[in-house]
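The values are calculated or read from the model by the stated rules, or taken from the named source; none is laboratory data. Just so we're clear, the structure is a prediction, and the values are computed from it rather than from any experiment. So basically every Cβ, Gly included, is an ideal-geometry build from the backbone, and we count neighbours across all protein chains shown.
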Amino acid sequence: MSSTVSPSALFVYYKVPHQEHAQYLPKISLLTQEIQSRWPHLRFQVMQRPESTADGLETWMEIYTHTEGINPEMVSDLQELAVRLGLPAKRASEFFIPLVLK
């Protein structure tokens, strides 16, 4: 991987108690609105695993993509925004770039 390539996809995942699923949906809606307002070219999608864990937790994943890349400031701002809106603070993040076949 070249050090000049900015990550173009960010995957953020976290656990949500199954019994609180409905309580988190309005928070995701607010997050979507804030993202569209602050970063109009940032694509955002939320997915969940089809099953809960044995202890009743759902895994949700936020997927962010941007053609110009995702910088560390944006990641920090997204984390702060999510926590401010009441989404779980314990979030794992991973970056990906396009695979180049040569």
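In table form, for the structure just shown:
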{"read-out": "All positions within the range 80-102 that are free of Cβ contacts under 8 Å to residues at least 40 places away in the same chain and within 27 Å of HIS18 (Cα to Cα)", "value": "GLU80, VAL83, ARG84, ALA89"}
{"read-out": "Members of the range 49-73 found to be surrounded by 15 or more Cβ atoms within 10 Å (Cβ to Cβ), part of a loop (DSSP other than H, G, I, E, B) and either within 11 Å of the chain's Cα centre (by Cα) or β-branched (Val, Ile, Thr) (or both), listed by number", "value": "ILE70"}
{"read-out": "When residues of the range 1-34 are limited to those that are modelled with pLDDT of 95 or more and β-branched (Val, Ile, Thr), the one surrounded by the fewest Cβ atoms within 10 Å (Cβ to Cβ)", "value": "THR32"}
{"read-out": "Number of the condition not met by SER76 [criteria: (1) assigned to a helix (DSSP H, G or I); (2) within 25 Å of GLN23 (Cβ to Cβ)]", "value": "(2)"}
{"read-out": "Residue list for the range 48-76, restricted to those being out of contact with any helix residue (DSSP H, G or I) (no Cβ under 6 Å at 6 or more places or on another chain), modelled with pLDDT of 95 or more, under 19 Å from ILE28 (Cβ atoms) and not aliphatic (A, V, I, L, M)", "value": "GLN48, ARG49, PRO50, THR59, TRP60, GLU62, TYR64"}
{"read-out": "Meets criteria (in a strand (DSSP E or B), on the phi < 0 side of the Ramachandran plot and of a type in the set (A, V, I, L, M)) for VAL46", "value": "yes"}
{"read-out": "Flag for PRO40 being touching a Phe, Trp or Tyr at 6+ places or on another chain (Cβ under 7 Å) and either at pLDDT 95 or above or not aromatic (Phe, Trp, Tyr) (or both)", "value": "no"}
